[in-house]
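Only one structure is covered here, and it is reproduced in the block below.
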Amino acid sequence: MDIQKYIKVEKVPGGQLEDSVVRKGVTINKDVIAPGKMRRKIFNQRIILLDWPLEFKKGENQTNAELLKEEDWGVLLQLEEEYIERLCVQILKFKPDVVITEKGLSDLACHYFSKAGVSGMRRLRKTDNNRIAKACGAVIVNRPDELQQSDVGTGAGIFEVKKIGDEFFAFIVDCKEPKACTVLLRGPSKDL
């Protein structure tokens, strides 16, 4: 068994060594996407973990589009907006409180989520996403049409974002049956 998959040591400068703690869950050095519009503390939340972007997917290669009329640009933007809205509606029907993705999350998707009271985080490391899945019982979904009710993580007690020193940390803790934990080390610097 590789304990690095289950235990993470997070060094946070500031505070005393006595402030160090072991958390039943995951601590990540991230903030919600829209701090003024998204909740930073949620109890008994429903978490959806994604491995695909919530933004308009650009072509793998250089893609050329010839726009002959000014209206063509508007049509292109409308298609992009409809695509993002469709993805968000698909996710929101599972009533999540938190949506976390390893990829990007567009401003439009952020708008739909904040309007629905959903907090979002983007560009997480795959290892962090895997640890969250182990902590709260969620399943990381690779494609929008694969999302099911059983993929939603409901095992975490608290989702909270706190500012420690100059940085924001997201805590997904007090998990019912955690299979991952975080050792939060405090001290004068990261070296101690």
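The values are calculated or read from the model by the stated rules, or taken from the named source; none is laboratory data. Bear in mind that the values here come from a model prediction, so they are computed numbers and not experimental data. Cβ atoms come from the backbone with ideal geometry, glycine included; neighbour counts cover every protein chain shown.
The set of residues in the stretch 83-119 being part of a helix (DSSP H, G or I) and either hydrophobic (A, V, I, L, M, F, W, C) or buried (at least 22 other Cβ atoms within 10 Å of the Cβ) (or both) consists of Ile84, Leu87, Cys88, Val89, Ile91, Leu92, Leu108, Ala109, Cys110, Phe113. Of all residues in the stretch 120-137 being more than 12 Å from the chain's Cα centre (by Cα) and either at positive phi or among the small types (Gly, Ala, Ser) (or both), which is surrounded by the most Cβ atoms within 10 Å (Cβ to Cβ)? Among them, the one singled out is Ala135. Quickly run through the stretch 25-45 and pick out the residues that are over 20 Å from Thr127 (Cβ atoms), in contact with a strand residue (DSSP E or B) (Cβ under 7 Å, 6 or more places away or on another chain) and not hydrophobic (A, V, I, L, M, F, W, C). Correct list: Arg39, Arg40, Lys41, Gln45. Among the conditions (1) of a type outside the set (S, T, N, Q); (2) assigned to a strand (DSSP E or B); (3) surrounded by 14 or more Cβ atoms within 10 Å (Cβ to Cβ), the only one that Lys179 does not satisfy is (2).
Look at (1) modelled with pLDDT of 95 or more; (2) surrounded by 15 or more Cβ atoms within 10 Å (Cβ to Cβ); (3) in a loop (DSSP other than H, G, I, E, B) and you find that Trp52 fails only one, number (1).
Each row is one residue, and each column tells you yes or no for (1) touching a Gly at 6+ places or on another chain (Cβ under 7 Å); (2) aromatic (Phe, Trp, Tyr); (3) in contact (Cβ under 8 Å) with a residue 40 or more places away in the chain.
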{"residue": "Leu92", "(1), (2), (3)": "no, no, no"}
{"residue": "Val99", "(1), (2), (3)": "yes, no, yes"}
{"residue": "Ala109", "(1), (2), (3)": "no, no, yes"}
{"residue": "Asn129", "(1), (2), (3)": "no, no, yes"}
{"residue": "Ile132", "(1), (2), (3)": "no, no, yes"}
{"residue": "Leu147", "(1), (2), (3)": "no, no, yes"}
{"residue": "Ala170", "(1), (2), (3)": "no, no, yes"}
{"residue": "Lys190", "(1), (2), (3)": "no, no, yes"}
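Between Ile47, Ile28, Ile7, the distinction of being over 18 Å from the mean Cα position of the chain (by Cα), among the aliphatic types (A, V, I, L, M) and either surrounded by 12 or more Cβ atoms within 10 Å (Cβ to Cβ) or modelled with pLDDT under 90 (or both) belongs to Ile7 only. Looking across the stretch 1-37, the residues that are under 23 Å from Val99 (Cβ atoms) and either in a loop (DSSP other than H, G, I, E, B) or without any contact (Cβ under 8 Å) to a residue 60 or more places away in the chain (or both) come down to Lys24, Gly25, Asn29, Lys30, Asp31, Val32, Ile33, Ala34, Pro35, Gly36, Lys37. Among the residues of this structure, Leu147 does not count as one that is under 15 Å from Tyr6 (Cα atoms) and surrounded by 13 or more Cβ atoms within 10 Å (Cβ to Cβ).
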